[in-house]
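**Student:** Sending over a structure as structure tokens; questions will come in a sec.
Every read-out reported here was derived from the displayed coordinates using simple, explicitly stated rules and does not represent laboratory data. Note that the coordinates shown come from a computational prediction; the quantities given were computed from them, not determined experimentally. Positions of Cβ are generated from backbone atoms using ideal geometry, with glycine treated the same way; all protein chains shown enter the neighbour counts.
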Amino acid sequence: MPAPLRGLLVTGTDTGAGKTVLTASLVAAMAAAGEPVVAHKPVVTGLDDSTSASSTDAASWPPDHELLGAVSGLDPAAVSPLRFGPAVSPHLAARLARTPIDPAALVAAARAAGADGRTLVVEGVGGLLVPLSEDFSVRDLAVALGLPLVIAARPALGTINHTLLTVEAARAAGLTVAAVVLTPWPDQPQELELSNRETIAALGGVAVETLGFLSAPTVESLALAGARLPWRAWL
């Protein structure tokens, strides 16, 4: 039986929900605190796309694996072993590239990244039920790794349904949901955002934290943002 991993898996309610910024913030904060941490994103797609899901200021933000490499001190290729150009789901990207994705290899690569007692922060791809291969989803990867989940979600209208569905899908597979993080959280939240946070916490029976807007992908700003999250309690 494989040794248990120490770490987190960051998933989202949808593509562009803030997973990469949240993951990078957590990794940067852990590294700044002296935690031996590595970032891992098993598959990255959309490298041919000129826009980025990491920020509304897309031009200033690097691709996901490059940002995670910067905050963890790793080569981007080591962060994401599988990289595809089209902005499509991983199973379709692999089909188009005629490069089959082996679920066992995905699990092994993630476990290797978190070896030697390092804290492993895995960023999923899209939402929890996104297929990584024809019959293996992000949720299946989370189950195989046994890591607690942190769910990135938008604070705006529609987030209650998307977030609670993600929480239910996680728990149905026996996964532990450590927290939901609403991002980008406004400096002056309106009644809608405040109500969404309260409602998700109450109906989902889950802790709900917030992560503010980050205008630039500097390691320092990411570390400061991540330090405001109770990541030690989540591990």
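**Student:** Please say if the chain is rounded, prolate or oblate, where rounded means a/c under 1.5 for a ≥ b ≥ c the square roots of the C-alpha gyration tensor eigenvalues, and otherwise the choice is prolate for a/b larger than b/c and oblate otherwise?
**Tutor:** rounded
**Student:** Mind ordering 6-15, 128-137 by average Cβ neighbours within 10 Å, highest first?
**Tutor:** Descending packing order for the listed peptides: 6-15, 128-137.
**Student:** Calculate the spin-label point distance for Ile160 paired with Ala105, positioning each point 7 Å from the Cα along the beta-carbon direction, and give it in nanometres.
**Tutor:** So the two model labels end up 4.5 nm from each other.
**Student:** Between Asp135 and Arg6, how high is the FRET efficiency from 1/(1 + (r/R0)^6) when r is the Cβ-Cβ distance and R₀ = 25 Å? Nearest 0.05.
**Tutor:** Rounded to the nearest 0.05, the efficiency is 0.30.
**Student:** Another question, if that's okay. Say we join alpha carbon atoms closer than 10 Å with springs in a Gaussian network model of the chain; which of Val38, Val143, Val122 then has the biggest fluctuation?
**Tutor:** Val143
**Student:** At 27 Å minimum axial length over the Cα atoms and a Kyte-Doolittle cut of 1.0, report the qualifying DSSP H helices in the chain, or say none.
**Tutor:** Working: long enough: none.
Span-like helices here: none at all.
**Student:** Relative contact order of region 7-234, please, whole-number percent, based on alpha carbon pairs below 8 angstrom and at least 6 residues apart.
**Tutor:** Here the relative contact order equals 28 percent.
**Student:** If you line up the Cα atoms of region 57-177 on their principal axes, what length do they span on each, largest first, in Å?
**Tutor:** 36, 35, 34
**Student:** How much length, in nm to one decimal, is gained on full extension between Ala201 and Val143, taken as 0.36 nm per residue of separation minus their Cα-Cα distance?
**Tutor:** 18.5 nm
**Student:** What spacing in nm lies between the two simple spin-label points modelled at Glu168 and Glu191, each 7 Å away from Cα in the Cβ direction?
**Tutor:** 2.8 nm
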